[in-house]
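Working notes, beginning with the structure itself.
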Amino acid sequence: MKVFTVSDLHTDYAANMEWVKGLSSSLYKPDTLIVAGDVADTLDTFTVTMSILKEKFQHVFFVPGNHDLWCKSSEDSHLDSVSKLGVLNDVCTSIGVTTTATKVNGVWIVPLLSWYHQSFDKEKDIEGLNIRPPEKVASDFRLCKWPPPLNSLVDEDLARYFDELNSKEFPSVFSAEQDKCQVITFSHFLPRFELCPEKRMLFYPNLPKVVGSDWLEARVRSIHGPHGSETACHVFGHTHFCWDATLDGIRYIQAPLAYPKERERRMNGGEEWLPLCIYDSEKGGLIGGPLQCYWSEYYSSHPREPENTELAPWVADLYHPVSAS
């Protein structure tokens, strides 16, 4: 029993689709794959991608990311993001991809729906510079279409709405067996803001406002326990930063394919180490760690400085002071 993971496939990019098609058709046949969101912007590309993955892996699990819920004008004009979530689930059911909590060979794999809210960002803002607000930068605010009453709610209500969709997804047997089984939860968005670099380090410093959910972390803790355990593991995606860190007894892992240009400059590599094997029963369970991921390694030896708003040298030239007027 092996469990692999990958996130942020973005197969609307031809190079990423070629990567998916290039995965071995025999190597992973007995194995399980967790896909932690952002497969594709369009429904057709999503369907093709997931069908290919299901041919290569025995079991495939999926949870949607923000890109998966985009509603582009080239698709059904009557489709909104909530309806598209239902369509994605129907597509997954039709090709044998799992979107609900399921036990596979003694391992519980639990997809968790989520959405981000700006109050998730708990660290000091960088002020006085021409940093645009998330509403002017993130395409979600333009390409996600929320039906009433969601279209009039603040983002915290949207995050709460997605979290509440998880309540009915857990089989009653799950709570009785979780102490005896390996449990791997996964989401697209971040459960904790410590899983993202400080905003002074980021090319877009307001990124932490559109990456995670406090409700998601509460949901993760309700499954793994308030203090976690030696085997507690949560997989996530979205930020495109490789990550492997344990916080308060839960191990958090991100293994993104990301955009082709990001892979070109990534010191952690990309195609050659994905999909990432996170569980191997023959080797005793969860893989040893932490893995060598640049930012999580950095924070293992450097404390966060939430009061420090001086931009890193590689970011500073991108922004300039805004006059009082």
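Assorted remarks:
- Any chance Leu129 is under 29 Å from Leu311 (Cα atoms) and touching a strand residue (DSSP E or B) at 6+ places or on another chain (Cβ under 7 Å): yes
- For Pro148: the one exception among (1) surrounded by fewer than 17 Cβ atoms within 10 Å (Cβ to Cβ); (2) not in a loop (DSSP other than H, G, I, E, B): (2)
- Restricting the first member to the stretch 8-22 and to residues that are more than 15 Å from Thr47 (Cα to Cα), and the second to residues that are of a type in the set (Lys, Arg), the beta-carbon pairs closer than 9 Å and six or more apart or on different chains are Ala15/Arg263.
- Checked against the criterion of being in contact with a strand residue (DSSP E or B) (Cβ under 7 Å, 6 or more places away or on another chain), within 23 Å of Arg200 (Cα to Cα) and crowded, with 20+ Cβ neighbours inside 10 Å, the candidates Tyr319, Tyr252, Tyr279 yield just one match: Tyr252.
- Residue list for the stretch 43-92, restricted to those being of a type in the set (Ser, Thr, Tyr), over 18 Å from Leu158 (Cβ atoms) and modelled with pLDDT of 95 or more: Thr45, Thr47, Thr49, Ser51
- Members of the stretch 287-305 found to be closer than 30 Å to Asn105 by Cβ and touching a residue at least 12 places away in the same chain (Cβ under 8 Å), listed by number: Gly289, Pro290, Leu291, Gln292, Cys293, Ser296
- Pairs, first over 13 Å from Glu127 (Cβ atoms) in the stretch 306-325, second in a loop (DSSP other than H, G, I, E, B) and among the aromatic types (Phe, Trp, Tyr), C-beta under 7 Å, six or more apart: Val315/Phe203; Leu318/Phe203
- Being under 30 Å from Ser26 (Cβ atoms) and open to solvent by 50 Å² or more (accessible area, probe 1.4 Å) holds for only one residue in Asp125, Asp90, Asp76, Asp68, and it is Asp90.
- Enumeration of residues in the stretch 186-200 that are open to solvent by 10 Å² or more (accessible area, probe 1.4 Å), in a helix (DSSP H, G or I) and touching a Phe, Trp or Tyr at 6+ places or on another chain (Cβ under 8 Å): Phe193, Glu194
- From Val82, Val63, Val48, residue being β-branched (Val, Ile, Thr) and touching a His at 6+ places or on another chain (Cβ under 8 Å): Val63
- Filtered residues of the stretch 221-240 (kept if open to solvent by 10 Å² or more (accessible area, probe 1.4 Å) and either outside any loop (DSSP other than H, G, I, E, B) or at pLDDT 95 or above (or both)): Arg221, Ser222, Ile223, His224, His238, Thr239, His240
- Against the list (1) surrounded by fewer than 13 Cβ atoms within 10 Å (Cβ to Cβ); (2) in contact (Cβ under 8 Å) with a residue 24 or more places away in the chain, the condition Gly284 fails is (2).
- Unmet requirement for Asp244, which otherwise passes all of (1) assigned to a strand (DSSP E or B); (2) closer than 17 Å to Phe4 by Cβ; (3) open to solvent by 30 Å² or more (accessible area, probe 1.4 Å): (3)
- From the options Met17, Met50, residue that is surrounded by 17 or more Cβ atoms within 10 Å (Cβ to Cβ), hydrophobic (A, V, I, L, M, F, W, C) and farther than 22 Å from Phe186 by Cα: Met17
- Near pairs, Cβ below 7 angstrom, 6+ apart or cross-chain, from the stretch 175-193 (closer than 27 Å to Gln118 by Cα) to any residue that is surrounded by fewer than 20 Cβ atoms within 10 Å (Cβ to Cβ) and at pLDDT below 80: none
The values are calculated or read from the model by the stated rules, or taken from the named source; none is laboratory data. Just so it is clear, the model here is predicted, and its values are computed rather than measured. FYI the Cβ positions are ideal-geometry reconstructions off the backbone, even for glycines, and counts take in every protein chain you see. Side chains included, ligands, DNA and RNA excluded: accessible areas come from the protein's heavy atoms. Shrake-Rupley method; radii C 1.70, N 1.55, O 1.52, S 1.80 Å.
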